[in-house]
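Here's the structure, in structure tokens; my notes come after.
Laboratory data are not the source of any read-out in this text; all were calculated from the coordinates shown. What you see is a predicted model, and the numbers here were worked out from it, not measured in a lab. Note that each Cβ is placed from the backbone with ideal geometry, even for glycine, and that neighbours are counted across all protein chains shown.
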Amino acid sequence: MNRIENAFKNGPAFIGFITGGDPDIETTKKLIYAMEEGGADLIEIGIPFSDPIAEGPVVQAADLRALSWGCKIDDLFEMVKEVRENVKIPLIFMTYLNPIYSYGKEKFMNACHETGIDGIIVPDLPYDEKDELLPFCRKFGVNLISFISPTSQERIIKIVQEAEGFLYCVSSIGAANVCKELNTGIEELIKKIKSVSDIPCTVGFGISSPEQAEKMSQVSDGVIVESAIVKIIAEYGKNSIEPVREYVRSMKKAVISAHEQK
């Protein structure tokens, strides 16, 4: 059982996101440790990019903060290599095609393998063009995580059959309505996925409160929280370690509560 599989073995997983290098590398290290201690089952690390088209203003601002002091991909690889000596949970990079191409596809995946990155999420990689990266991911044992949404329609079955690690299920509605409207659409989507595969299905996009996390965990295999954690880091900067740890702890508690109700 690899680290990603292990993250889902005991019920719904809590997945937290941070922007690598925000506000600096040392704080990123401490945040990873704190999130694991708080109960995170998997951590998604964003590689700062100047044009993060899939992100909202909160994560965009975090990217700019990291880039402003000169954060580079190699800084993140060195950081991951260091924390991997102690961190047991999966670590995943969220990045865009441009940084991977600029770094070199094979070189990037090899570095992921050597430093202990378990998978990558690439929001601007169209499903029909996944073979641009997939051969290199498989060569170095890095899971290429797929996105899926209720609007995927006729592609759902094909995406599910070829998915690796877990599926990132997103909603086509705005984040402000996620708690009211996400449940029905996502529940139907996950039922369709589960009729084809038992791959873990996680729900992201707009989840921020324990109530939302509990609700989504009742119909999925885990929740992904991005902007809410990045907001805490933006507010507290280098002093965000304890606030993030406590936030993760509260969200994990909600996820566990949902599992106990199933």
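With R₀ fixed at 41 Å, the C-beta to C-beta distance from residue 191 to residue 130 puts the FRET efficiency at about 0.95. Computed over the chain with a Gaussian network model linking Cα atoms closer than 10 Å, the most mobile of 89, 229, 53 is 53. Computed about its Cα centre, the charge dipole of the chain is approximately 460 debye, with only Lys, Arg, Asp and Glu carrying charge at their Cβ. Here residue 24 and residue 151 are evaluated by their C-beta separation; at R0 = 30 Å the FRET efficiency comes out at 0.20.
Please arrange 138, 3, 249 by how many other C-beta atoms lie within 10 Å of their C-beta, fewest to most. Could you put the intermediate results ahead of the total?
Numbers: 138 13, 3 19, 249 16.
Fewest to most other Cβ atoms nearby, the residues stand as 138, 249, 3.
Residue exposure proxy: 168, 127, ordered by other Cβ atoms within 10 angstrom of their Cβ from fewest to most, comes out as 127, 168. Taking label points 7 Å from Cα along the Cα-to-Cβ direction, residue 139 and residue 114 give a separation of 1.4 nm. For segment 217-222, 3J(HN,Hα) computed residue by residue from phi via the Karplus equation (6.51, -1.76, 1.60; θ = phi - 60°) reads 5, 6, 10, 9, 9, x Hz, glycine and proline entered as x.
Mind checking the dipole of segment 219-259: about its Cα centre, +1 per Lys or Arg Cβ, -1 per Asp or Glu Cβ, Debye to the nearest 20?
Details: 6 positive and 5 negative charges, 24 e Å.
The dipole magnitude comes to about 120 debye.
Here is the list for segment 48-114: chymotrypsin sites (Phe, Trp or Tyr not before Pro) lying in DSSP coil, each with at most 13 other C-beta atoms within 10 angstrom of its C-beta, are 69. Coupling constants for segment 21-33 follow from the phi torsions by the Karplus curve (6.51 cos²θ - 1.76 cosθ + 1.60, θ = phi - 60°), and in residue order they are x, 10, x, 7, 5, 4, 5, 4, 4, 4, 5, 4, 4 Hz; glycine and proline get x. Extending 7 Å from Cα along the Cβ direction at residue 257 and again at residue 68 yields two label points whose distance is 3.7 nm.
Of 124, 74, 41, the sequence from fewest to most neighbouring Cβ atoms within 10 angstrom is 74, 124, 41. Sparsely packed loop sites in segment 60-146 (the GluC sites (Glu not before Pro) outside DSSP H, G, I, E and B with at most 16 other Cβ atoms within 10 Å) comprise 85.
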